[in-house]
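Take a look at the structure set out below.
No value in this document is a laboratory result; all are computed from the given coordinates. Keep in mind it's a predicted model, so treat the numbers as computed, not measured. For neighbour counting, all protein chains shown are included, and Cβ atoms are generated from backbone atoms with ideal geometry for every residue, glycine included.
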Amino acid sequence: MSLPPGFLDELRTRLSLSQVVGRKVMWDSRKSNQGKGDMWAPCPFHQEKSASFHVDDRKGFYYCFGCQAKGDAISFVRETENVGFMEAIEILAGEAGLEVPKQDPRAQQKADERTELVDVMEQAVQFFRLQLRTGNASEARGYLDRRGLKEATQERFEIGFAPDAWQGLWDHLSGKGVSAEKILAAGLAKPSSKGGKPYDTFRNRIIFPIRDARGRCTAFGGRAMDPNDNAKYLNSPETLLFDKGRSLYNHGPAREAAGKGAPLIVAEGYMDVIALAEGGFGACVAPLGTAITDNQLHLLWRISDEPIIALDGDTAGLRAAQRLIDLALPLLEAGKSLRFALMPEGKDPDDLIRAEGPEAVQRVIDGAMPMVQLLWDKEIEGKNFDSPERKAALDKTLREKLMLIRDPSIRSHYGQAIKDMRWQLFRAGSGGSSSKKPWAKGKRGDWRNPPPAPATASTKASLLAGAGEDTQRQMREAVIIASLICTPDVVAEFEGQLEELHVSTQEHRAFLDLILVHSSHGPEVLREKIVDARGTDSLENLLGAGHVAITPCVRRPGDIEMAMMAISEELAKLEAEQGLSAEVAEAAEDLVGLADESVTWRLGQAAQARNLAMRSEHEDKAEYDTAPNGARISRDEKSAFDALLGKLNVTKEP
């Protein structure tokens, strides 16, 4: 059975070889480099322990250095599943979500037609290149010079010129014996609606040949020289060779450069790609003037696991980024994502390179943000979240976005990242508004929140030594923080109170922020995050302070009941102290004349609440016995002591 032209290419585009092979082998993590598509494993075709089976994911081929087995995804399925060619195609098509086309008796004929059209396109390339050297192209050459495109660059990208004539290319190809049907089928001419001779598709335009991944010219892009032309840029129409939604400008050279380790950059147009390539960024492509399609996204992921989308920093560029995010979310897989590099407002990569050089572009690329960050920034930019309803609306929008992600693991990680950013926005004292644009000038360094300032000498000192009038409050805060660090499982129970807690020092605020963000990962991870952000000395000073070290929660980490008791008591005391202070301050304002009974009653109630809070609110559940000398002895502790003496065979005195 013959398959339609392009079906196998589409099948290989949808599936990476490492995905197909990965079902049958265990990758060697020491030798494999997933980022470069360079994978190694013991060979599935012969018995061995060493990893001599090599998969080149970008080229789509495998080879075993032991038994010399080699092939592509189709041959791998045929050999491992013991099936025929068409059965292997059906297996792979099912995994890729494609339907195997029915038998097409004209398949070979179409393949021959494609070969003939490729030859016609190559003749057109030569014609356009020659025309750029004629006198009629002086204005076009001047434009290219002003854009900084040297002759070597023009040769590298085969830039040409379509003369301002109705049948310039038509007459040239016809004179070479090319039939009218082939010229029209290649999209190089259009039939006249007035019954006359067909006319050239491209006229008075600078021409950019568009080649597929195999280097075959499949279409052209033309930049108008007439400023009054209706279309500044024009692409070839859809043909047997050209499908705009499945093509990328500079595909082949970019794939080769990315295979050598260069980051894949996705720009908007031909000139951007050419400027980037000449600036040293060899792995760059463009989606031919349209929004990126799902097929183009799969092509990009075949080249690189994490393409960098370079967009203009204006409103149109940001809208394009949002459309791409909506397209990409359902297609995300483990290891496959996007990063976004937003250019300075009003500039594209070509402008930036000509104005400030490749170093400026490199800085923007280095600061590229992950997709989850741009998704978050888009939803909060310029908005105020000063009410529960607005916060709920934000949560609803983000949940809808997250539900687009099909992979549950990726969806979970996105949810955690958004939770972290939400905490940073709504944490106590930070307000609920976001008016700054994260892509504004000077804000493109690290996309993440900057780390807290390193601990100074004053913050490394003990709490008592550094305390002033708020010594008692700081001590209570320290006990709460230490209890949370030692038993982070209880954080969820106090999350609301901790978010609203107004602490007395910036260091305590930093500790609480870290606890609220990382407590769900367990005590070990939480301590690592605290040490990374605040330093080992800061943590040791907190836990080693005398009033903290003696607390049962620190001496018995992980005791949930003890931690719940201690934290709830300390929070109640802090709340009561704060309430009393507020009442005193308000009463002082009211004491302009003589104090009335209402003022003294309010102060009395606040003082009583404070005194009650100072006492333990939890019943002592221990049982006691009375010793001969009248002292109370805990029955549990006495039993434990008797058991220990029994093991030591010690006889107690009567």
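Sorting the Cα pairs of region 196-281 by distance into bins of 5 Å, from 0 upward, gives 3, 13, 21, 22, 18, 12, 6, 3, 1, 0, 0 percent per bin. The C-alpha atoms of region 303-367 occupy a region whose extents along the principal axes are 38, 24, 17 Å, arranged from largest to smallest.
Looking at region 107-242, what % of the alpha carbon pairs are farther apart than 23 Å? Present the calculation step by step, with values, prior to reporting the outcome.
On the way: 2868 of 9180 pairs.
For region 107-242, the fraction of Cα-Cα distances above 23 Å is 31 percent.
Please report how many Lys pairs in region 293-434 have alpha carbons closer than 24 angstrom, counting only residues at least 8 apart along the chain or sitting on separate chains. Going through region 293-434 pair by pair, I get 16.
Relative protection proxy for 540-546, 402-408, from highest mean packing down: 540-546, 402-408 (other beta-carbon atoms within 10 angstrom). Based on the Cβ-Cβ distance from L331 to S412, what FRET efficiency comes out when R0 is 22 Å, to the nearest 0.05? Efficiency for this residue pair is about 0.80.
With N as its number of residues, region 293-340 has a Cα radius of gyration that, divided by 2.2 N^0.38 Å, comes to 1.11. Electrostatic bookkeeping for N204 treats Lys and Arg as +1 and Asp and Glu as -1; over the other residues with beta carbon under 11 Å from its beta carbon, the sum is -2. Fully extending the segment from E345 to K176, taken as 0.36 nm per residue of separation minus the present Cα-Cα distance, adds 56.0 nm. Take every pair of alpha-carbon atoms less than 8 Å apart whose residues are at least six positions apart; their mean separation over the length of region 1-72 yields a relative contact order of 22 percent.
What is the Rg over Rh value, at two decimals, for region 293-434, using alpha-carbon atoms and the Kirkwood definition of Rh?
Numbers: Rg = 16.4 Å, Rh = 16.5 Å.
Result for region 293-434 is an Rg/Rh of 1.00.
Derived scalar couplings between HN and Hα for region 354-369 equal 5, 7, 10, x, x, 4, 5, 5, 4, 5, 5, 5, 4, x, 4, 9 Hz in order, rounded to whole Hz, by the Karplus curve 6.51 cos²θ - 1.76 cosθ + 1.60 (θ = phi - 60°), x for Gly and Pro. Packing order of peptides 516-522, 267-273, highest average first: 267-273, 516-522 (average count of other Cβ atoms within 10 Å over each peptide's residues). The aspartates and glutamates whose alpha-carbon is closer than 15 Å to the alpha-carbon of K190, local same-chain residues fewer than 8 away aside, are D171, E181, D200, E238. Here the convex hull built on the C-alpha positions of region 7-96 has a volume of 88 cubic angstrom per residue.
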